[in-house]
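One structure below.
The values are calculated or read from the model by the stated rules, or taken from the named source; none is laboratory data. Predicted model only: the values in this text are computed from it and were never measured. Ideal geometry is used to build each Cβ from the backbone, glycine not excepted, and the neighbour counts take in all protein chains shown.
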Amino acid sequence: AGTLAAGDFLRTKHPAIRVVATEALQCPTLLSFGFGEHRIEGIGDKHIPWIHNVRNTDMVVAVDDEQTMQLMRLFNEPEGHACLRREGVDEATIAALGQIGISSLCNLVASIKAARYYGMGGRDVIFTPLTDSMELYSSRVEEMLADHGPYTTHLADQHYGRYLAGTSTDHLRELSYADRKALHNFKYFTWVEQQGRSSAELNQLWDEDFWLEVFSQEVVDEWDRLIDRFNQATGLNRSEREHTT
């Protein structure tokens, strides 16, 4: 929901933007109230976060975890880089692909799906946070090598065509008012029945004024003060300075 909150903030600056939420196809909670296991590490699943402002969400996109895992190989294996060069990707972009982790790949695919669904072109802008990097997942590349063998030119070309150039607009839904209300109501079963929140608190989340207060400068400044206090108490600020130097 922190990622989606960036969309909520941008909406206050540009009211006409569309906010898109993404999840794993193997666990389509937002798309169809579904559940299941998946390989997109670092992405929420099986419930709708309390702080997800579903009233402000325009679309949900479910991404197949197989697509993210194969794009991980395409973006991080030598034959994958060679394929991207043949397709005209510049060296600076290829060198930066390690900054895109598995959940970031999910966001990237969802962005492509949304852009194609809405018919976006060169005059349009789409933002997506890259929420992790491959520093966390180098072992996953090794596991794919062990399980599936060397990454060949044929596989790289196949995965580029199918999972990048061939990304389609399947497994997404533009949300109506009724869809958003249903997602809001679905929070009840996690947060009221299981986590002890009240129905009154849940109903507050449907009130647009509640979110305006949440994102008010006064509240944000207080969060910043609390974060700074926590970082000082735990020594995190010191660790960051040492890492920088």
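Here are some notes:
- Scanning the range 9-40 for residues that are of a type in the set (D, E, K, R) and more than 14 Å from the chain's Cα centre (by Cα), we see that the one that is surrounded by the fewest Cβ atoms within 10 Å (Cβ to Cβ) is 13.
- Residue list for the range 6-43, restricted to those being among the polar types (S, T, N, Q) and at pLDDT 90 or above: 22, 26, 29, 32
- Residue check, residue 65 touching a Lys or Arg at 6+ places or on another chain (Cβ under 7 Å), more than 30 Å from residue 201 (Cα to Cα), at pLDDT 95 or above and of a type in the set (D, E, K, R): yes
- In the range 102-119 there is at least one residue that is on the phi > 0 side of the Ramachandran plot, exposed (fewer than 13 other Cβ atoms within 10 Å of the Cβ) and either at pLDDT 95 or above or in contact with an Asp or Glu (Cβ under 9 Å, 6 or more places away or on another chain) (or both).
- In the range 176-226, residue surrounded by the most Cβ atoms within 10 Å (Cβ to Cβ) [restricted to those that are aliphatic (A, V, I, L, M), in a helix (DSSP H, G or I) and at pLDDT 95 or above]: 183
- Screening 3, 93, 57 for residues that are closer than 29 Å to residue 203 by Cβ and modelled with pLDDT of 95 or more leaves exactly one candidate, 57.
- The set of residues in the range 13-64 being under 24 Å from residue 168 (Cα atoms), assigned to a loop (DSSP other than H, G, I, E, B) and touching an Asp or Glu at 6+ places or on another chain (Cβ under 7 Å) consists of 18, 19, 25, 26, 27, 38, 39, 40, 42, 43, 45, 58.
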